[in-house]
Amino acid sequence: MASLSNGACKFLLGFLLIFLVSFAKGEDIFLEWHVAIDTRIKPIVSVNQPVITINGMFPGPLINSTTNDNIHVNVFNDLDEPLLMTWNGIQQRLNSWQDGVSGTNCPIQPGNNWTYVFQMKDQIGSFFYFPTTKFQKAAGGFGPIRVNNRIVINVPFPKPQDEFDLLIGDWHQESYKDVRAQLNSSHTLPTWMLMNGKGPFGNPLTTAHESFTVSPGKTYRFRISNVGTTWSFNFRIQNHKMLLVETEGSYTNQITLDTLDVHVGQSYSVLVTADQNAADYYIVASPKMIADTNQSSLIAVGVLHYENSSTPPNGPLPKGPDPFDINSSITQARSVRWNLTTGAARPNPQGTFNVSNVTLSQSFLLHGGVTANLDGFVHYTVNNVSYDTPNTALKLADYALNGSGVYLLDDFPVHHISSLAVKGTFVRSGNHKGWLEIVFFNHHQNIDSWHLAGFGFYTVGYGYGNWTPEFRSTYNLYDPVVRSTVQVYPKGWTAVYAYLDNPGMWNLRSQNLKHWYLGQELYVRVHDPDPNPAKEHPPPENLLYCGLVLAPPPPPPANPQPMPNPAPPSPQKASAATSNIGWFLIVLGFLMAL
């Protein structure tokens with residue numbers, strides 16, 4: 001076959017540029033959600049916990065998107081209390097107005113609706129959403145998010161036969177409102193573990209169990225998320241290996257695992273090949289830091305069903321590591337490394353963006369798990385400061401009041417524990433386009449996990465006991481995985497880096513719901529003084545108001561004018577920017593072919 005001429009090759013290159021531009025913008029996805037309480041859904045017969053559903057579904061519907069898609073979610077609040085939804089791990093590039101936490105948004109009041117509009121900008125991976133107000137996550141309202149690769153970017157593994165979303169989390173015996181009321185006194189721990197909203201297989205109190213049907217010899221992608229409130233869990237599938245490939249938007253070095261620890265707020269993708277004899281096999285998730293023999297209801301159990309199987313699961317459940325074995329969990333955490341050679345949201349390798357030679361501009365040393373008795377109630381703190389949620393959303397106050405009367409910037413310590421426990425609206429400055437080091441300390445008895453909205457953590461180190469600057473020499477600066485939620489082990493520390501290139505007001509919180517609800521959070525304000533909307537989005541047109549910032553009065557009605565005869569419709573045109581770029585590349589393609 002004759003080779004292409006040099007001119008033809010150049011023309012094809014120009015055409016490829018046009019093709020890439022056509023996929024860079026993304027599609028618009030429109031969703032309408034009705035968030036409501038359902039007392040008829042009972043994952044467990046004996047549990048009268050009301051369930052928060054979305055469009056009658058528990059878990060809620062999948063958001064199935066592609067890099068750079070624009071998501072429009074019209075949320076109707078059919079609850080009897082205010083509501084916010086957050087998109088755990090979606091970075092909301094230049095747009096913290098859509099993050100859906102108390103510091104960025106005024107809540108949607110009962111009986112009202114509000115539309116979130118955000119872009120899956122430069123991201124791929126597995127995530128989930130959930131409600132952030134009033135301890136509601138303990139009753140559901142969560143669901144899966146997939147951000148798929150654009151077709152022009154290769155995925156670093158063969159296309160699986162199918163993909164399964166697997167949301168696993170602990171579940172309370174009581175109503176979330178009752179649990180919320182007890183948090184400052186005798187808070188009861190969750191007593192069940194659900195798998196996609198269903199109870200454990202084989203338990204007589206389970207109304208339905210989760211099951212996945214597979215074909216022999218085929219490979220499947222499981223997107224596993226810990227949507228619980230309290231417990232980390234260990235995940236495994238009887239007689240099957242798992243190939244770890246992705247976590248929270250980062251492709252990982254591919255490692256084969258028998259079991260996988262997943263901490264509260266985290267998501268992973270594993271590939272599982274149906275390479276065993278045709279039968280049914282147990283899928284198991286058991287909590288960490290609790291004796292699993294003490295409470296069998298806390299072990300989530302589902303079924304991997306071979307399509308030609310007539311043999312139910314049998315034998316004992318597959319054993320995982322000792323739930324108190326922290327060493328093996330840390331060893332596994334350190335083995336989760338970034339795949340430096342593959343592309344992800346962009347065609348250039350992930351390793352193009354690395355921390356091997358960065359200069360830190362800030363360091364935060366944050367102690368979580370220190371409790372304090374304030375105003376007669378027990379609170380959790382960060383550096384002995386328990387977050388006090390104001391009635392005015394911080395981002396709104398920043399925009400309308402320069403923060404005045406709502407918070408004092410940099411008023412609380414980020415390098416040491418305050419000598420006096422206080423409640424306060426904890427907001428710290430982050431240096432725009434600077435590298436931030438955060439060292440998290442865990443004073444809890446259980447595993448904690450931390451999340452920073454708007455950014456990814458480069459997870460550079462784990463350790464025991466007190467951290468000192470000398471430990472920086474032990475950091476993994478070559479291929480630390482980038483993720484949105486990182487675990488911190490009891491009486492230990494975890495070190496992360498973050499590049500603060502995303503202006504906005506960003507929530508830094510414990511993902512343990514009790515810790516978060518009782519004050520273990522703060523906000524990082526990353527400010528770019530340039531008012532150019534290309535640097536940070538302005539407030540949305542449908543902005544909600546609350547607290548000290550009142551909604552502006554509506555404009556006076558315009559005088560009615562006589563209607564002119566309608567002109568014939570003109571053809572719809574692309575935007576000037578898109579049209580100009582497209583024509584520029586077309587011309588470029590032809591010129592290169594000459």
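The values are calculated or read from the model by the stated rules, or taken from the named source; none is laboratory data. What you are looking at is a predicted structure, and each value in this text was computed from that prediction instead of being measured. Neighbour counts are summed over all protein chains in view; Cβ atoms, including those assigned to glycine, are modelled from backbone coordinates with ideal geometry. These area figures cover heavy atoms from the full protein model, side chains too; ligands, DNA and RNA do not enter into them. Shrake-Rupley method; radii C 1.70, N 1.55, O 1.52, S 1.80 Å.
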| request: Spot the failing condition for residue 370; the list is (1) in a strand (DSSP E or B); (2) at pLDDT 95 or above; (3) under 14 Å from residue 519 (Cβ atoms), and only one is missed. | output: (2)
| Since residue 327 meets every condition but one in (1) outside any loop (DSSP other than H, G, I, E, B); (2) touching a residue at least 24 places away in the same chain (Cβ under 8 Å); (3) more than 27 Å from residue 161 (Cβ to Cβ), which condition does it not meet? | (2)
| task | Might you let me know whether the range 345-354 holds any residue that is open to solvent by less than 60 Å² (accessible area, probe 1.4 Å) and among the β-branched types (Val, Ile, Thr)? | result | no
| message | Condition first: in a loop (DSSP other than H, G, I, E, B), surrounded by fewer than 22 Cβ atoms within 10 Å (Cβ to Cβ) and modelled with pLDDT under 95. Can you find one or more residues in the range 11-21 that meet it? | response | no
| request: Restrict the check to the range 142-165 and report whether at least one residue is within 16 Å of residue 286 (Cβ to Cβ), of a type outside the set (Ser, Thr, Tyr) and modelled with pLDDT of 95 or more. | output: no
| field | Selection count, the range 288-321, where residues are modelled with pLDDT under 95, buried (at least 18 other Cβ atoms within 10 Å of the Cβ) and not in a loop (DSSP other than H, G, I, E, B) | value | 2
| (1) more than 29 Å from residue 249 (Cα to Cα); (2) of a type in the set (S, T, N, Q); (3) at pLDDT 95 or above: which one isn't true of residue 267, the others all being true? | (1)
| request: Check whether at least one residue in the range 87-102 is in contact with an Asp or Glu (Cβ under 8 Å, 6 or more places away or on another chain), part of a loop (DSSP other than H, G, I, E, B) and farther than 22 Å from residue 70 by Cβ, and report yes or no. | output: no
| Within the range 142-156, considering residues that are touching a Leu at 6+ places or on another chain (Cβ under 8 Å) and part of a loop (DSSP other than H, G, I, E, B), the one most open to solvent (accessible area, probe 1.4 Å) | 152
| task | Return a yes/no flag: does the range 118-129 have any residue that is open to solvent by less than 10 Å² (accessible area, probe 1.4 Å), assigned to a strand (DSSP E or B) and closer than 14 Å to residue 77 by Cα. | result | no
| Which of the residues spanning the range 327-344 are surrounded by fewer than 19 Cβ atoms within 10 Å (Cβ to Cβ) and not polar (S, T, N, Q)? | 330, 333, 334, 337, 340
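Condition check ((1) more than 28 Å from residue 345 (Cβ to Cβ); (2) out of contact with any Phe, Trp or Tyr (no Cβ under 6 Å at 6 or more places or on another chain); (3) at pLDDT below 95) across all residues:
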site	(1), (2), (3)
36	yes, yes, no
54	no, no, no
57	yes, yes, no
65	no, yes, no
73	no, no, no
86	no, yes, no
92	no, no, no
101	no, yes, no
